[in-house]
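**Student:** Let me begin by handing over the structure; questions about it come next.
A short reminder: the numbers here are calculations on the coordinates, not readings from a lab. Source: prediction; values computed, not measured. Using ideal geometry, Cβ is built from the backbone for each residue, glycine included, and neighbour counts are taken over all protein chains shown.
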Amino acid sequence: LFSGPIHFIKGVVRIDGLPVEPLPEVAFAGRSNVGKSSLLNALTGRKALARTSNTPGRTRELNYFRVGDLLYIVDMPGYGYAKAPKSQVKGWNELIYAYLRGRPQLKRVFLLIDARHGIKNTDKDVLALMDEAAVSYQVVLTKIDKISAGQLKRVQSETAAYLAKHPAAHPDIIATSAQKRLGIDDLRAAIVELIAA
Ligand code: GDP
């Protein structure tokens, strides 16, 4: 899937700018600094992809990448940045909510959670948004190389317990480290399964 070409298509700032081609898509969301760029980089083997998304000015956009003729990967703007002005948070919410509501080809949102911190309050807000929009989502723990096996077990069970109360959440949690390349194949397999379905 990821051995072919991957192209940056566009950064979407308004809901009427979404690509119209009917490809399936998966989106990646998470707090700023969660390791989203690193994970996308490890997933696709493309440094350029992560670089594009972290370019100042592109960080408030839905960044669309096309994987061959099969799939769009949507890099969603990071949230929860402490110094972000309120107006920006509101803008994020409006675009994201409109996107989540009105995008039938969106197969799943992968919600990245730093394994050291677990689900934080801002993540809970985003989870609630996805529950309300009835969008399928799945938690991906990042940076698991930074914690012990025991800590990983604990955050996995705490996260699973939280997700059990959220019907739109996929029960399986994918544990990853971009740095140590752990769990990348699990993430790929989940995506392959989604576009085959
Ligand atoms: P983004 O803001 O979500 O795109 O996060 P980045 O991918 O830019 O990563 C934020 C910071 O976390 C950087 O300093 C990365 O080097 C670090 N980081 C990302 N992934 C990992 C990982 O798997 N393990 C470790 N130890 N650090 C990571």
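**Student:** Using the Cα centre as the reference, give the magnitude of the dipole from point charges on the C-beta atoms of the range 6-196 (Lys, Arg: +1; Asp, Glu: -1; all else neutral), rounded to the nearest 20 debye.
**Tutor:** On the way: 28 positive and 18 negative charges, 145 e Å.
Result for the range 6-196 is approximately 700 debye, rounded to the nearest 20.
**Student:** Once you sort the root eigenvalues of the Cα gyration tensor of the range 6-196 as a ≥ b ≥ c, which label holds: rounded (a/c under 1.5), prolate (a/b larger than b/c) or oblate (the other case)?
**Tutor:** Taking the square roots of the gyration eigenvalues as a ≥ b ≥ c, the range 6-196 is rounded.
**Student:** Also, I was wondering about something else. Could you give me the ³J(HN,Hα) list for the range 127-142, computed from phi with Karplus coefficients 6.51, -1.76, 1.60 and θ = phi - 60°, whole Hz, x at Gly and Pro?
**Tutor:** Using θ = phi - 60°, the values come out as 4, 5, 4, 6, 4, 5, 7, 6, 9, 5, 9, 9, 7, 10, 7, 10 Hz.
**Student:** Kirkwood Rh, Cα Rg: Rg to Rh for the range 64-114?
**Tutor:** Here the Rg-to-Rh quotient is 1.02.
**Student:** Which net charge results for the neighbourhood of residue 69, defined as the other residues with beta-carbon distances under 15 angstrom from its beta-carbon, given Lys and Arg at +1 and Asp and Glu at -1?
**Tutor:** Working: positive: 66; negative: 21, 25.
Residues close to residue 69 contribute a combined charge of -1.
**Student:** Past 31 Å, Cα to Cα: identify those pairs from 86/143; 36/86; 86/180; 143/165; 10/165, in the order given. Intermediate values should be presented prior to the final figure.
**Tutor:** Working: 86/143 29 Å; 36/86 23 Å; 86/180 36 Å; 143/165 25 Å; 10/165 35 Å.
In this structure, 86/180; 10/165 lie more than 31 Å apart at Cα.
**Student:** Note down the net charge around residue 197, summing +1 for each Lys or Arg and -1 for each Asp or Glu among other residues with Cβ under 14 Å from its Cβ.
**Tutor:** 0
**Student:** Ok, one more. Using a cut-off of 18 Å between alpha-carbon atoms, which aspartates and glutamates can reach residue 107, once sequence neighbours fewer than 8 places away in the same chain are excluded?
**Tutor:** Output for residue 107: 21, 25, 69, 75, 131, 132, 172, 186, 193.
**Student:** Relative contact order for the range 6-196: what is it in percent, counting Cα pairs under 8 Å that are at least 6 residues apart? Show your work: numbers first, answer last.
**Tutor:** Working: 316 pairs, mean separation 45.0, N = 191.
Value for the range 6-196: 24 percent.
**Student:** What shape does the range 108-197 take by its C-alpha gyration tensor, where a ≥ b ≥ c are the square roots of the eigenvalues and a/c under 1.5 counts as rounded, a/b above b/c as prolate, and the rest as oblate? Write down the numbers at each step before the final one.
**Tutor:** Numbers: a/c = 1.99, a/b = 1.16, b/c = 1.71.
Verdict is oblate for the range 108-197.
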